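Remarks on the structure that follows.
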Amino acid sequence: MKTNTGHALITMLRSAAIALGLVIVSQGALAQDAAKAPRKDMVLKGDAKCTRCHDEGEEVPVLAIGKTKHGTVADGRTPTCTSCHGESDTHANKPANAKERPKPQRVFSKKGGTSPEVQNGACLTCHQGDPQRIHWKSSVHASQDLTCSSCHKVHTGHDDVRDKLTQPQVCFNCHKDKRVQVNKPSRHPVLEGKVSCSDCHNAHGNNPKQMVKASVVETCYTCHLEKRGPFV
């Protein structure tokens, strides 16, 4: 009887151990499922597929877009990452046979492999209707294959070309002769921040001098009213 009782006790202990093990395994599986729960958007709606890699540790602070107009979540027009860069499925999920991760569908840089027309097309999807940009496709800058990202920086809280103090330095990157001219004794007060390039020029315009008005003199009269006349 004692032997049978001992065997029964051992059998009960083994059953209890197995049951406990199953509980631990199931809890571990639940924990793994919780860990694999869908990631939450960090800045823009639907950006979780991008921010699993592109986070605060990025060399280029892409999440700073949340400090810009493009990151205003209260505005229904606010784009998502894929609105500009495309779905980029192979970039987000690297194919098993690929040696390097494929680039996004649209890359906004000179060396990204995306044509200027395609890059600008992504921007013009939203920014085409504004009177200041309606003539972009026939502008001098567009004919030189410049892109919006050549001057504008989207993933930063401070876009230099939209700041009156820093805008000239962006323009001087190409218009190097103007950098010399604004340092001459007789000049517009550009360096002092009282006048900026866009006060006179419309970079998205299509007239020969890309002036904000129809002609050079009309643009000048905007400030120099005493020159308009008529004179006696």
Handout entry: Residue in segment 187-197 that is under 25 Å from the mean Cα position of the chain (by Cα) and either in a helix (DSSP H, G or I) or modelled with pLDDT of 90 or more (or both) present
Key = yes
Practice task
State whether one or more residues within segment 155-177 are assigned to a helix (DSSP H, G or I), closer than 22 Å to Lys137 by Cβ and open to solvent by 80 Å² or more (accessible area, probe 1.4 Å).
Solution key: yes
Handout entry: In segment 113-127, the residues that are touching a residue at least 40 places away in the same chain (Cβ under 8 Å) and not hydroxyl-bearing (Ser, Thr, Tyr)
Key = Cys126
Exercise for the section: Would you mind telling me which numbered condition in (1) under 22 Å from Ser138 (Cα atoms); (2) under 28 Å from the mean Cα position of the chain (by Cα); (3) open to solvent by less than 80 Å² (accessible area, probe 1.4 Å) Ser215 fails? Expected result: (2)
Exercise for the section: Report yes if Cys197 is in contact with a Cys (Cβ under 7 Å, 6 or more places away or on another chain) and either more than 27 Å from His85 (Cα to Cα) or hydroxyl-bearing (Ser, Thr, Tyr) (or both), otherwise no. Expected result: yes
Exercise for the section: Within segment 92-116, count every residue that is among the hydrophobic types (A, V, I, L, M, F, W, C) and within 22 Å of Ala142 (Cα to Cα). Expected result: 2
Handout entry: Counted residues, segment 57-109 - those being touching a residue at least 12 places away in the same chain (Cβ under 8 Å) and under 16 Å from the mean Cα position of the chain (by Cα)
Key = 31
Exercise for the section: Keeping to segment 127-145, report how many residues are under 19 Å from Phe108 (Cβ atoms) and open to solvent by 70 Å² or more (accessible area, probe 1.4 Å). Expected result: 4
Problem - Subset of segment 135-151 [outside any helix (DSSP H, G or I) and in contact (Cβ under 8 Å) with a residue 24 or more places away in the chain] - result: His135, Ser139, Asp145, Leu146, Thr147
Problem - Those residues of segment 178-206 which are under 20 Å from His135 (Cβ atoms) and open to solvent by 30 Å² or more (accessible area, probe 1.4 Å), in sequence order - result: Cys197, Ser198, Asp199, Cys200, His201, Asn202, Ala203, His204, Asn206
Fill in the blank from the handout: Selection from segment 85-109 of residues in a helix (DSSP H, G or I) and open to solvent by less than 40 Å² (accessible area, probe 1.4 Å) yields Ala92
Practice task
Check off (1) of a type outside the set (Gly, Ala, Ser); (2) in contact (Cβ under 8 Å) with a residue 24 or more places away in the chain; (3) closer than 28 Å to Gln210 by Cα for Leu44 and give me the number that stays unchecked.
Solution key: (3)
Completion exercise
With criteria (1) open to solvent by 40 Å² or more (accessible area, probe 1.4 Å); (2) assigned to a loop (DSSP other than H, G, I, E, B); (3) within 26 Å of Thr72 (Cβ to Cβ); (4) out of contact with any helix residue (DSSP H, G or I) (no Cβ under 6 Å at 6 or more places or on another chain), Val118 comes up short on (2)
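The values are calculated or read from the model by the stated rules, or taken from the named source; none is laboratory data. Note that the structure is a prediction, hence the values are computed from the model and not measured. Methodologically, a virtual Cβ is constructed for each residue, glycine included, from the backbone with ideal geometry; neighbour enumeration extends over all protein chains shown. When the accessible area is computed, the model is the full protein with side chains, heavy atoms only, and any ligands, DNA or RNA have been set aside. Shrake-Rupley method; radii C 1.70, N 1.55, O 1.52, S 1.80 Å.
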